[in-house]
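The values are calculated or read from the model by the stated rules, or taken from the named source; none is laboratory data. Predicted, not measured: the structure shown is a model, and the values here were computed from it. Glycine gets a Cβ as well: all are built from the backbone with ideal geometry, and neighbour counts include every protein chain shown.
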């Protein structure tokens, strides 16, 4: 039996992406996202986060394929620290909220959270590196990307 739930709305910054340092992406859970127990397979949370980062970059004007074709760097995951707090299930409507925590010459640190309504299900810190497509070595962010990342920096979390 097929689910007839409406698709979530398209990805959007919370407001103008150049002014607010947060991006949200709605995600609907389908059969393909779940495991034999009917919950979202753990690796799919990372896929949802990847989509949110990619859509944020696109909203800022930096499609990754477009940048690559123009001779820009590759964006590669350097490290991930993830916490799985509660399961998502078939047909859930989730929200991925992404912020930038830190910016270096060749890396950026994203903090991402996945919610079902107000319930926090998953958190991740994902460090992305800028590397040369030719040799895979670190290269500085292009100026336009670095400036946009800098404009998106969130204040450090309070302790």
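Once segment 40-62 is narrowed to residues that are in contact with a helix residue (DSSP H, G or I) (Cβ under 9 Å, 6 or more places away or on another chain) and surrounded by fewer than 16 Cβ atoms within 10 Å (Cβ to Cβ), the residue that is modelled with the lowest pLDDT is 61.
Which of the residues that make up segment 103-159 are farther than 15 Å from residue 24 by Cβ and part of a helix (DSSP H, G or I)? Those that are farther than 15 Å from residue 24 by Cβ and part of a helix (DSSP H, G or I): 143, 144, 145, 146, 147, 148, 149, 150, 151.
Among the criteria (1) modelled with pLDDT under 95; (2) surrounded by fewer than 19 Cβ atoms within 10 Å (Cβ to Cβ); (3) in contact with a strand residue (DSSP E or B) (Cβ under 9 Å, 6 or more places away or on another chain); (4) in a loop (DSSP other than H, G, I, E, B), the one residue 72 does not fulfil is (2).
Would you check if residue 124 is over 16 Å from residue 52 (Cα atoms), surrounded by 15 or more Cβ atoms within 10 Å (Cβ to Cβ) and in contact with a strand residue (DSSP E or B) (Cβ under 9 Å, 6 or more places away or on another chain)? The answer is no for residue 124. The single residue among 82, 86 that is in a strand (DSSP E or B), surrounded by fewer than 18 Cβ atoms within 10 Å (Cβ to Cβ) and modelled with pLDDT of 95 or more turns out to be 82. Annotation note: Cβ proximity below 7 Å between a residue of segment 45-71 that is in contact (Cβ under 8 Å) with a residue 60 or more places away in the chain and a residue that is assigned to a helix (DSSP H, G or I) and crowded, with 16+ Cβ neighbours inside 10 Å (sequence gap 6+ or interchain) occurs for 60/148; 62/145. From the list 58, 53, the one residue that fits, being within 28 Å of residue 31 (Cα to Cα), assigned to a helix (DSSP H, G or I) and out of contact with any strand residue (DSSP E or B) (no Cβ under 9 Å at 6 or more places or on another chain), is 58. Restricting segment 19-39 to residues that are surrounded by 14 or more Cβ atoms within 10 Å (Cβ to Cβ) and modelled with pLDDT under 90, the residue that is farthest from the chain's Cα centre (by Cα) is 20.
Every listed requirement among (1) at pLDDT 95 or above; (2) under 17 Å from the mean Cα position of the chain (by Cα) is met by residue 153 save one, (1).
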